[in-house]
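Let me begin by presenting the structure, written as structure tokens, before commenting on it.
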Amino acid sequence: MRKRIYEVIELARDGDRLSEIYDAAMMLLITLSLVPLLFKETTPLLQGIDRFCVAIFIVDYLLRWTTADFKLGKAGPTSFVRYPFTFMALVDLLSILPSLTVLNGGFKLLRILRMSRVFRVLRVLRAVRYSRSLRIIGNVLQRSKDSLIAVGTLAIAFILISAMIIFNAEPDSFDNYFEAVYWATISLTAVGYGDIYPVTVIGRAVAMISSLFGVAVVALPAGIITAGYMRAIEQRLDQMEAGAEKKKQEKAEEL
């Protein structure tokens, strides 16, 4: 029984209709739970939507906890102790706690969480479990983490060095080093809000060089993720073709 529950609440496998329905329903519920966050004022309808969604999320959390041994691949009580401290379990808990208005009467911590709408936005991350496309992107990020860490380190070093150069080349335009870092960051991403900008010839020269190199640095992670995503899609298609071919062979043998 618990094994079947685990199969249903996890990302659906090909042909598992019940699990596909569960995934679709949870995606719809996650989207619905974000609706109250689009409004500043709270109405009875929005409160009702939030409480309904949170009630389902709590059930989902408990089901995942009770099947933690299948998820973590280890039998025994250790899995049930470890599960609440896994990343997605913490995301689930932090997204649920702010809405537990019934329990927060005597707990100062929960009253603080209730005032924070930020934690409720974490419900978006729950969609990773139920979307195959998001799961593929997550796997791509995991496989490409070394390359992405290298590019991220390069970007941070580039920002800090550019900020140091512009801060010393044009000190009158920046009150402190943090403002120079802010300017270098928005220049790297080619956003350019225009609230801080160089006015001297040297400063503008630094800005042009920084922008040119920044475009290349920003393009690197996009290329890495795109290439990884395409490989994952090709592997997925190959698996589907292999599965279809296997089913044909099984049917032919039965005949």
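The values are calculated or read from the model by the stated rules, or taken from the named source; none is laboratory data. This one's a predicted model, so the numbers in the text were calculated from it and none came from an experiment. Cβ sites come from the backbone with ideal geometry, for glycine too, and all protein chains shown count toward neighbours. Ligands, DNA and RNA are excluded from the accessible area calculation, which covers all protein heavy atoms including side chains. Shrake-Rupley method; radii C 1.70, N 1.55, O 1.52, S 1.80 Å.
Scanning region 193-224 for residues that are within 16 Å of ALA163 (Cα to Cα), in a helix (DSSP H, G or I) and over 32 Å from the mean Cα position of the chain (by Cα) yields ILE202, GLY203, ARG204, ALA205, VAL206, ALA207, MET208, ILE209.
In region 172-192, of all residues being more than 26 Å from the chain's Cα centre (by Cα) and open to solvent by 70 Å² or more (accessible area, probe 1.4 Å), the one that is nearest to PRO221 (Cα to Cα) corresponds to PHE178.
For region 141-155, residues that are under 17 Å from GLY214 (Cβ atoms) and exposed (fewer than 11 other Cβ atoms within 10 Å of the Cβ) total 1.
Where in region 126-185 are the helices (runs of 4 or more DSSP H), entirely inside, with at least 3 residues that are closer than 18 Å to ILE196 by Cα and modelled with pLDDT of 80 or more? Once the helices (runs of 4 or more DSSP H) in region 126-185 are filtered for at least 3 residues that are closer than 18 Å to ILE196 by Cα and modelled with pLDDT of 80 or more, what remains is 145-169.
From the list GLY203, GLY223, GLY194, the one residue that fits, being in contact (Cβ under 8 Å) with a residue 24 or more places away in the chain and either more than 30 Å from ARG13 (Cα to Cα) or of a type outside the set (S, T, N, Q) (or both), is GLY203. Scanning region 5-58 for residues that are part of a loop (DSSP other than H, G, I, E, B), of a type in the set (Asp, Glu) and surrounded by 17 or more Cβ atoms within 10 Å (Cβ to Cβ) turns up just one, GLU10. Of all residues in region 159-171, those satisfying the criterion of being touching a residue at least 12 places away in the same chain (Cβ under 8 Å) and either small (Gly, Ala, Ser) or surrounded by fewer than 19 Cβ atoms within 10 Å (Cβ to Cβ) (or both) are LEU160, SER162, ALA163, MET164, ILE165, ALA169.
Can you tell me which residue within region 59-74, out of those that are open to solvent by 20 Å² or more (accessible area, probe 1.4 Å) and assigned to a loop (DSSP other than H, G, I, E, B), is farthest from LEU28 (Cα to Cα)? Out of the qualifying residues, it is LYS74.
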